[in-house]
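Enquirer: Below is one structure. I have some questions about it.
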Amino acid sequence: MDLVLDDIGVVYRRGGYETRAVRGVSLHIRKGETLAIVGESGSGKTTIAKVAAGLQKATSGSLAWRSTPYGAPEGARGTGSRRVQMVFQHPVQSLDPLWRIRRAVQEPLWHGGASRREADARAAELITQVGLDPSVLDRYPRQISGGQAQRVAIARALIAKPEIVILDEPTASLDQTVRARILTLLAELQAGTGVGYLMITHDISSVRRLATRIAVMYHGLIVESGPASAVLDAPRHPYTRALIAAVPIADPRVPWNGAEHVARHRAGILAQAPCPVESSPCRDHGTGLHQVGSEHLVACTAAA
């Protein structure tokens with residue numbers, strides 16, 4: 001039931017120059033779990049999300065569903081594209097301003113040949129399930145709030161009963177109160193439907209609330225991955241430690257030096273930290289990912 005990305009590489013070519021946005025990334029997204037990809041802007045995490053959603057073609061590597069590559073005769077572009085849905089970063093912008101909410105939510109069902117009656121019933125069911133009144137279906141995007149728009153986007157993603165939903169910065173544009181409600185909603189929907197989430201974010205607090213597993217991206221590479229508890233509570237890679245240290249402390253009495261950690265990282269000082277792969281010298285173990293715990297992998301610092 002996994003969506004598998006194997007050795008994905010993405011190269012952008014513009015004006016005779018090449019940018020390697022993603023370099024040999026391998027991931028699997030399990031149904032019923034949340035894999036969070038974290039990293040700074042430009043790390044490659046959104047590119048990976050687009051590849052997983054079928055919106056970006058990989059330059060190298062393969063994307064498979066139940067061992068069936070997208071584009072194979074089994075019809076992954078039809079059936080597969082409904083198995084994977086996406087909630088975009090800016091919910092209001094992702095909704096057509098000329099469409100009523102009803103039409104936006106129902107759209108994924110049209111590709112599956114659902115009748116008008118079926119689509120209406122399913123849309124009302126999902127809108128209620130995400131905590132909105134069915135009357136919202138008759139409004140336009142400009143007539144709803146940002147939090148309501150995010151709930152609409154979630155309903156639209158779930159209406160076709162996908163196995164994986166990609167969440168691209170799902171709470172980035174929301175205030176703290178609405179953010180907490182959306183995260184609670186996502187957890188409840190996952191528990192009720194068994195859907196798997198691929199969560200793209202830089203918000204460590206949201207990751208703590210929702211993630212089952214975490215992959216940390218830096219310069220197009222996965223530098224650490226594993227169970228959420230292992231990565232957050234016992235990070236091994238210096239870049240992971242810098243990200244976690246940059247999260248503000250809730251207690252104002254506790255000194256916070258997160259900005260200092262990030263500044264040191266940008267200056268290249270963290271790259272000189274001891275290699276997190278302690279089993280052997282860098283020249284012996286190589287630059288790939290190495291196991292340091294149960295499903296906990298970390299890259300040699302020479303990799304980036």
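Enquirer: Quick one: Ala58 ticks every box in (1) out of contact with any helix residue (DSSP H, G or I) (no Cβ under 9 Å at 6 or more places or on another chain); (2) in contact (Cβ under 8 Å) with a residue 40 or more places away in the chain except a single one, so which number is it?
Expert: (1)
Enquirer: Of all the residues that make up segment 128-148, how many are touching a residue at least 40 places away in the same chain (Cβ under 8 Å) and either β-branched (Val, Ile, Thr) or assigned to a loop (DSSP other than H, G, I, E, B) (or both)?
Expert: Adding up the residues that qualify gives 4.
Enquirer: What residue, among those in segment 191-211 that are of a type outside the set (Gly, Ala, Ser) and part of a loop (DSSP other than H, G, I, E, B), is farthest from Ala52 (Cα to Cα)?
Expert: Ranking the qualifying residues of segment 191-211, first place goes to Asp203.
Enquirer: What's the number of the only condition in (1) touching a helix residue (DSSP H, G or I) at 6+ places or on another chain (Cβ under 8 Å); (2) outside any helix (DSSP H, G or I) that Leu185 fails to meet?
Expert: (2)
Enquirer: Any residue in segment 168-192 that is among the aliphatic types (A, V, I, L, M) sitting within a Cβ distance under 6 Å of a residue that is part of a loop (DSSP other than H, G, I, E, B)? List the pairs, counting only those 6 or more apart or interchain.
Expert: Ala172/Gln89; Ile182/Thr171
Enquirer: Within segment 212-234, track down each residue that is assigned to a strand (DSSP E or B), surrounded by 21 or more Cβ atoms within 10 Å (Cβ to Cβ), in contact with a strand residue (DSSP E or B) (Cβ under 7 Å, 6 or more places away or on another chain) and not charged (D, E, K, R).
Expert: Ile214, Ala215, Val216, Met217, Leu221, Ile222, Val223, Ser225, Gly226
Enquirer: Additional query: Out of the residues in segment 1-26 that are of a type in the set (Val, Ile, Thr) and surrounded by fewer than 20 Cβ atoms within 10 Å (Cβ to Cβ), which is modelled with the highest pLDDT? It would help to see each step written out before you state the result.
Expert: From segment 1-26, those of a type in the set (Val, Ile, Thr) are 4, 8, 10-11, 19, 22, 25; that's our starting set.
Within this subset, residues satisfying the condition of being surrounded by fewer than 20 Cβ atoms within 10 Å (Cβ to Cβ) are 4, 11, 19.
Details: Val4: 93, Val11: 96, Thr19: 91.
Taking the candidates together, the pick is Val11.
Enquirer: On to the next question. Consider Arg253 against the criteria (1) part of a loop (DSSP other than H, G, I, E, B); (2) modelled with pLDDT of 95 or more: it satisfies all of them except one. Which criterion is unmet?
Expert: With (1) part of a loop (DSSP other than H, G, I, E, B); (2) modelled with pLDDT of 95 or more applied to Arg253, the lone miss is (2).
Enquirer: Tally up the residues in segment 127-153 that are farther than 12 Å from Ile101 by Cα and among the hydrophobic types (A, V, I, L, M, F, W, C), please.
Expert: Qualifying residue count, segment 127-153: 1.
Enquirer: So, of the residues in segment 162-182 that are in a helix (DSSP H, G or I) and of a type outside the set (A, V, I, L, M, F, W, C), which turns out to be nearest to Ser94 (Cα to Cα)?
Expert: The extreme case among them is Arg179.
Enquirer: Related question: Kindly provide the set of residues from segment 2-23 that are among the small types (Gly, Ala, Ser) and in contact with a helix residue (DSSP H, G or I) (Cβ under 8 Å, 6 or more places away or on another chain), ordered by number.
Expert: Matches in segment 2-23: Ala21 only.
Enquirer: Here's another thing I want to ask about it. Run Val92 past the list (1) within 24 Å of Asp203 (Cα to Cα); (2) among the β-branched types (Val, Ile, Thr); (3) buried (at least 20 other Cβ atoms within 10 Å of the Cβ) and report the number of the one that doesn't hold.
Expert: (3)
Enquirer: Give the number of residues within segment 27-46 that are polar (S, T, N, Q) and either at positive phi or modelled with pLDDT of 95 or more (or both). Explain how you work it out, then say what you get.
Expert: In the first step, residues of segment 27-46 are kept if they are polar (S, T, N, Q); the result is 34, 41, 43, 46.
Those left that are additionally either at positive phi or modelled with pLDDT of 95 or more (or both): 34.
Residues that pass the stated criteria total 1.
Enquirer: Could you please let me know if Gln148 is surrounded by 16 or more Cβ atoms within 10 Å (Cβ to Cβ) and farther than 14 Å from Gln190 by Cα?
Expert: Yes.
Enquirer: Which of (1) in a loop (DSSP other than H, G, I, E, B); (2) touching a strand residue (DSSP E or B) at 6+ places or on another chain (Cβ under 7 Å); (3) at pLDDT 90 or above; (4) surrounded by fewer than 17 Cβ atoms within 10 Å (Cβ to Cβ) is the odd one out, the single condition Leu55 does not satisfy?
Expert: Single failed check for Leu55: (2).
Enquirer: Could you tell me which of the residues Arg213, Arg209, Arg156 is more than 23 Å from Ser94 (Cα to Cα), in contact (Cβ under 8 Å) with a residue 40 or more places away in the chain and basic (Lys, Arg)?
Expert: Testing whether each residue is more than 23 Å from Ser94 (Cα to Cα), in contact (Cβ under 8 Å) with a residue 40 or more places away in the chain and basic (Lys, Arg) leaves just Arg213.
Enquirer: Within the group Arg151, Arg156, Arg102, which residue is assigned to a helix (DSSP H, G or I), modelled with pLDDT of 90 or more and farther than 27 Å from Ala36 by Cα? Working first, answer last.
Expert: Working: Arg151 fails: farther than 27 Å from Ala36 by Cα; Arg156 fails: farther than 27 Å from Ala36 by Cα.
The unique qualifying residue is Arg102.
The values are calculated or read from the model by the stated rules, or taken from the named source; none is laboratory data. Note that the structure is predicted; figures quoted are calculated from it, not measured. Ideal geometry is used to build each Cβ from the backbone, glycine not excepted, and the neighbour counts take in all protein chains shown.
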